[in-house]
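Asks: One structure follows; several queries about it will come next.
The values are calculated or read from the model by the stated rules, or taken from the named source; none is laboratory data. Since this is a predicted model, take the numbers as computed values, not measurements. Ideal geometry is used to build each Cβ from the backbone, glycine not excepted, and the neighbour counts take in all protein chains shown.
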Amino acid sequence: MIKRIHLIALLPALLVGGVAGAQQYPIMDAVADRVIQRYQQSSCEQLWQEKGKPKPEREKEAVQMLRNDPQMRTAFINKIAGPVVNKMFECGMIP
């Protein structure tokens, strides 16, 4: 019974911590949302065409920021992984 009370007491703290963590990188959240939207709205043909093109300078800068900040990179990957990988699988970009 005491363990159950401790878990119930910790639940609000975990939820608040999760919300606070989501607000830690507002710019990264906006970029991740755009990446997700781009994958969801693009056809497979469009994604295949974009794959071979050189990346814009702003995108290179964003990737460099993610390389330099492991926590931000983890948050970014956690946010985009599901939608992006699902689309890539649908398009035959991954086995």
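Asks: In region 71-95, what residues are surrounded by 14 or more Cβ atoms within 10 Å (Cβ to Cβ), among the aliphatic types (A, V, I, L, M) and within 15 Å of K51 (Cβ to Cβ)?
Replies: If we filter region 71-95 for residues that are surrounded by 14 or more Cβ atoms within 10 Å (Cβ to Cβ), which is where we start, we get 72-73, 75-76, 79-80, 83-84, 87-88, 91, 93.
Filter again for among the aliphatic types (A, V, I, L, M), leaving 72, 75, 80, 84, 88, 93.
If the condition is that a residue be surrounded by 14 or more Cβ atoms within 10 Å (Cβ to Cβ), among the aliphatic types (A, V, I, L, M) and within 15 Å of K51 (Cβ to Cβ), then V84, M88, M93 are the ones that fit.
Asks: Out of the residues in region 28-52 meeting the condition of being of a type in the set (G, A, S) and part of a helix (DSSP H, G or I), tell me which one is nearest to N86 (Cα to Cα).
Replies: Residues of region 28-52 of a type in the set (G, A, S): 30, 32, 42-43, 52.
Applying the additional criterion that residues be part of a helix (DSSP H, G or I) yields 30, 32.
Working: A30: 20, A32: 15 Å.
Among them, the one singled out is A32.
Here is a yes/no grid of residues against (1) surrounded by fewer than 11 Cβ atoms within 10 Å (Cβ to Cβ); (2) within 16 Å of the chain's Cα centre (by Cα); (3) of a type in the set (S, T, Y):
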| site | (1), (2), (3) |
| --- | --- |
| A30 | yes, yes, no |
| Y39 | no, yes, yes |
| Q49 | no, no, no |
| A62 | no, yes, no |
| M65 | no, yes, no |
| D69 | no, yes, no |
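Asks: (1) outside any helix (DSSP H, G or I); (2) modelled with pLDDT of 90 or more: which one isn't true of K55, the others all being true?
Replies: (2)
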